[in-house]
Amino acid sequence: PAAPLLPVIGAGTPVPLVTGERRPYANLDYAASAPPLRAVADHVDEILPYYASVHRGAGYASQVSTRVYEGARETVRRFVGARGDDAVVFTRHTTDSLNLLARCLPDDGEVVVLDIEHHADLLPWRSHRVVEAAATLERTLSRLETELARRPAALLAVTGASNVTGEQLPLGLLTRIAHRNGARIVVDGAQLVPHRRIDLVASQVDYLAFSGHKLYAPWGAGVLVGRSDWLDEAEPYLAGGGAVREVAVDRVAWAAAPARHEAGSPNVLGVAALARACQVLAALPEGCLEAHEDALRRRLVGGLLRVPGVEVHRLWPDSASAVGVVAFDVAGHDPGAVAAYLSAEHGVGVRDGRFCAHPLAARLGRPEGTVRASVGAGTTAADVDRLVAAVEGLVRDGAGWTYSVVDGRCEP
Ligand code: PMP
């Protein structure tokens, strides 16, 4: 991929190196927050003149805002292939969406999770059983089945793709395992939805959560979509204006979902941006985002593995596919130092640490963390090559050096 698949904001912005020189930024940190698409920024510009609160105003700008906001709900519904009666609730982000679902579980039902989840899909559950991932994906699936069969659970909560290794989970199989054991399934789509199309009807997945800021839109807007019965019955997660049908001083009749869980003035711009990103991705020819990212991932993994002392991590030898998220280590170098070096000496942005998945880091044998590089629609082969060349440079010249960021400067 010589060119970005889609234009993004900020690609190639000059950033300062430790030498004072400037280099175009190579953003290889899409998994944390993807840069906004140019089309998303243009859409926000288009609707800004109609900045007004939704639902409550009779003025023209308020009518436009309401149309934009409710239109975004329909766009998201189509984008994920939701069932006609699914609720599409706008939240702040994936974390918020999963916490909302946790509050809506009937009778505080139990949740089964794997130990490879992001903390957002581990910590919200009030009553959960953690299944340890096995050495192969196949054995991991059978452990999940055994656990669900052993004692009933209300919900199986799984990530669509690991935020550390990028490996995808087989959602069709997992859905069948959950359903035949009487549980529903929620997919943490934070890392999957930006990279792969998902269809709730075809996959029969019950709930899906994702974030706008990983989907080429700004921060502050996320989605929980899925079966409306639990959401219609649960006490609202946030109580307040907009979530009610009728209020008297001594009683309240809550609205049905989604309004029930969207009290307060909503983030119209964030939601509109998220929906425009969905439209742009949906308009790409089928398979073309996957092909772009697969080629970049292969180039990245292949390039890194050719550097002596570099190890690329994966959870399972039998996982069939992965999105463009790669965790690696450079022998003899602390992950934080590798990431600081890449930024300060080369203008290459990656992330290091445990990526809000501490049990997963321990499972990979990297309890102190690792380095993560991630790609997306705005990434080019040249970005990947710069990262690989920089890692080669570190291995060649940086033996025994440690880098630390002191006062915003990186010092050997
Ligand atoms: N789940 C996964 C797999 C993630 O990668 C992330 C973000 N790192 C989250 C959940 C949480 O997303 P957010 O911070 O947008 O709530």
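The values are calculated or read from the model by the stated rules, or taken from the named source; none is laboratory data. What you are looking at is a predicted structure, and each value in this text was computed from that prediction instead of being measured. Please note: Cβ atoms are built from the backbone with ideal geometry, for glycine as well, and neighbour counts cover all protein chains shown.
I'd like to know if the range 112-134 contains one or more residues that are in contact (Cβ under 8 Å) with a residue 40 or more places away in the chain, more than 22 Å from T175 (Cβ to Cβ) and within 15 Å of the ligand (Cβ to nearest atom). For the range 112-134, residues in contact (Cβ under 8 Å) with a residue 40 or more places away in the chain, more than 22 Å from T175 (Cβ to Cβ) and within 15 Å of the ligand (Cβ to nearest atom): present.
Residues checked against (1) of a type in the set (A, V, I, L, M, F, W, C); (2) more than 21 Å from V312 (Cβ to Cβ); (3) more than 21 Å from the chain's Cα centre (by Cα):
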{"site": "L105", "(1), (2), (3)": "yes, yes, yes"}
{"site": "A120", "(1), (2), (3)": "yes, yes, no"}
{"site": "W125", "(1), (2), (3)": "yes, yes, no"}
{"site": "E132", "(1), (2), (3)": "no, yes, yes"}
{"site": "R143", "(1), (2), (3)": "no, yes, yes"}
{"site": "P152", "(1), (2), (3)": "no, yes, yes"}
{"site": "L156", "(1), (2), (3)": "yes, yes, no"}
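Residues in the range 92-108 that are more than 16 Å from the ligand (Cβ to nearest atom) and in contact with a Lys or Arg (Cβ under 9 Å, 6 or more places away or on another chain): L105, D108. Just give me the residues in the range 82-105 being farther than 10 Å from P124 by Cβ and among the small types (G, A, S), in sequence order. Within the range 82-105, A82, G84, A87 meet the criteria. Within the range 168-206, track down each residue that is in contact (Cβ under 8 Å) with a residue 60 or more places away in the chain and within 13 Å of the chain's Cα centre (by Cα). Matches in the range 168-206: Q168, D188, G189, A190, Q191, L192, V193, P194, H195, R196.
Of the residues making up the range 287-320, just one is modelled with pLDDT of 95 or more, part of a loop (DSSP other than H, G, I, E, B), under 22 Å from the mean Cα position of the chain (by Cα) and loosely packed, with under 15 Cβ neighbours inside 10 Å, namely G287.
Residue check: P35 meets all listed conditions (1) within 16 Å of the ligand (Cβ to nearest atom); (2) assigned by TED's automatic domain parsing to the domain that holds L231 but one, namely (2).
Going through (1) surrounded by fewer than 24 Cβ atoms within 10 Å (Cβ to Cβ); (2) farther than 27 Å from N163 by Cα one by one, V201 falls short only on (2). When residues of the range 326-371 are filtered for being closer than 19 Å to V18 by Cβ and aromatic (F, W, Y), how many remain? The number of residues fulfilling the criteria is 1.
Of the residues in the range 70-82, not one is out of contact with any helix residue (DSSP H, G or I) (no Cβ under 7 Å at 6 or more places or on another chain), hydroxyl-bearing (S, T, Y), crowded, with 17+ Cβ neighbours inside 10 Å and at pLDDT 95 or above.
Within the bounds of the range 329-338, is there any residue that is touching a Pro at 6+ places or on another chain (Cβ under 9 Å), part of a loop (DSSP other than H, G, I, E, B) and among the charged types (D, E, K, R)? Checked the range 329-338: no residue is touching a Pro at 6+ places or on another chain (Cβ under 9 Å), part of a loop (DSSP other than H, G, I, E, B) and among the charged types (D, E, K, R).
For the range 1-45, taking the residues that are closer than 26 Å to T165 by Cβ and at pLDDT below 95, the one that is surrounded by the fewest Cβ atoms within 10 Å (Cβ to Cβ) is identified as A11.
Restricting attention to the range 207-230, which residues are under 22 Å from the mean Cα position of the chain (by Cα) and among the hydrophobic types (A, V, I, L, M, F, W, C)? Walk me through how you get there before you give the answer.
Of all residues in the range 207-230, those under 22 Å from the mean Cα position of the chain (by Cα) come to 207-227.
Once the filter is applied, which keeps residues that are under 22 Å from the mean Cα position of the chain (by Cα) and among the hydrophobic types (A, V, I, L, M, F, W, C), the range 207-230 yields L208, A209, F210, L215, A217, W219, A221, V223, L224, V225.
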